[in-house]
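The values are calculated or read from the model by the stated rules, or taken from the named source; none is laboratory data. Just so you know, these numbers come straight off a predicted model, no measurement behind them. Here Cβ is always computed from backbone atoms with ideal geometry, including for glycine, and neighbour counts include all displayed protein chains.
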Amino acid sequence: MPHPESRLCTALARGSAIVGLPQASGQIRIYYEGNTIGAENLKRFRDRAVQAAGRMLHTFPAGYPTRARQDVDPREVVEIGAIDAKTYRIDISARPTDLSWWIDAEDLIDLGVIRKAG
């Protein structure tokens, strides 16, 4: 996800899923999905993450030709977990308090990061 003081915080839609890999140049190539059009199949954070990962893995290492890709300074992003390239299983390693400003509570519940109150 974007670093809280990164330009990506305003450049991307809040809640965008971001996946990325380091480049030889030292930058990180990110692919992202923010569902700015409101597609039903991309409402959950996990679905947006799978979409972004699919773009990255399409004809790897070239990736899918998309505008939803940037090469950024490593300080612009924070690694919060990993996604399995084969199963698309998402493992979140960051604390919920570090995620809640960017990822909605419903998505944190869906990802198993927090429990539903009540």
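Inside the range 23-46, can you point out the residues that are assigned to a loop (DSSP other than H, G, I, E, B) and more than 13 Å from PRO2 (Cα to Cα)? Within the range 23-46, GLN23, ALA24, SER25, GLY26, GLN27, ASN35, THR36, ILE37, GLY38, ALA39, LYS43, ARG44 meet the criteria. Here ILE80, ILE90, ILE103, ILE109 are screened, and the one residue that is hydrophobic (A, V, I, L, M, F, W, C), more than 13 Å from the chain's Cα centre (by Cα) and surrounded by 12 or more Cβ atoms within 10 Å (Cβ to Cβ) is ILE109.
Test GLU79 against the criterion of being assigned to a helix (DSSP H, G or I) and at pLDDT 95 or above, and give yes or no. Write out each step before concluding.
Values: assigned to a helix (DSSP H, G or I): no; at pLDDT 95 or above: yes.
So GLU79 fails the test.
Residues being hydroxyl-bearing (Ser, Thr, Tyr), touching a Pro at 6+ places or on another chain (Cβ under 9 Å) and in a loop (DSSP other than H, G, I, E, B) are entirely absent from the range 92-105.
Taken together, ARG95, ARG75 contain a single residue that is exposed (fewer than 15 other Cβ atoms within 10 Å of the Cβ), within 25 Å of GLU5 (Cβ to Cβ) and touching a His at 6+ places or on another chain (Cβ under 9 Å), which is ARG75.
Considering ALA68, ALA53, ALA39, the condition of being of a type in the set (Gly, Ala, Ser), out of contact with any strand residue (DSSP E or B) (no Cβ under 9 Å at 6 or more places or on another chain) and either modelled with pLDDT under 95 or more than 15 Å from ASP107 (Cβ to Cβ) (or both) is satisfied by ALA39 alone.
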